[in-house]
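A short worksheet on the structure shown next.
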Amino acid sequence: MNRRTTTLSAAVALAAALALTGCSSSSSSSGGDAPELKVSGAFMPQPVMDMAGGFLTITNDGDTADKLTSVTSPISDDVTIHETKNQKMQEVESFDIPANGTLSLERGGNHIMFMELKKKPKQGEKVSIELHFEKSDPIKVELPVEAATHNPQQH
Ligand SMILES: [Cu+2]
């Protein structure tokens, strides 16, 4: 009788362990159905006029694409996202962030545009921005202000 109880509880414990393992492995292998965004390499070159550009890379580790739809910042009420075509920049509605891909905002290409700066940040300061997406929750980013000519691509 004692032996039967032991066997039963062992079986229950084993089933519970299997259930736990099954659960965690299925959720990690499916990757979820939401974008998983990470921001890296963010900076703002020190502005020389009352406008500034912002640059960063957004990496999406999820199996679902997302879109960068807008950017807000306490430093300007007029923040837009721009692409550069034929050396001219123009405002766009959104930027695609592909599933398992990246969106790069870099000098000479796509960028965040800050107009009518309320104050001109200096090198060494930081500018807060908030990125807004079609699907993901907003992400707050601190942009370090670099030299006016800073360009990480040249390194
Ligand atoms: Cu621009």
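Here are the numbers for the structure shown:
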quantity	calculated
Order by protection proxy (mean Cβ within 10 Å, highest first), peptides 129-140, 47-58, 91-102	47-58, 129-140, 91-102
Extent along principal axes [Cα atoms of the range 22-155; Å; largest to smallest]	57, 32, 32
Coil-residue trypsin sites (Lys or Arg not before Pro) of the range 91-131, DSSP, other Cβ within 10 Å capped at 12	Lys118, Lys119, Lys122
Length gained when the stretch Asp137-Met49 is fully extended (0.36 nm per residue, less Cα-Cα span)	28.5 nm
Label point distance in nm, Lys120-Thr72, each placed 7 Å from Cα along Cα→Cβ	2.8
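Every number here is computed from the coordinates shown, using simple stated rules; none is lab data. This is a predicted model, so every value here is computed, not measured. When we count neighbours, we look across all protein chains shown, and the Cβ atoms used for this are built from the backbone with ideal geometry, even at glycine.
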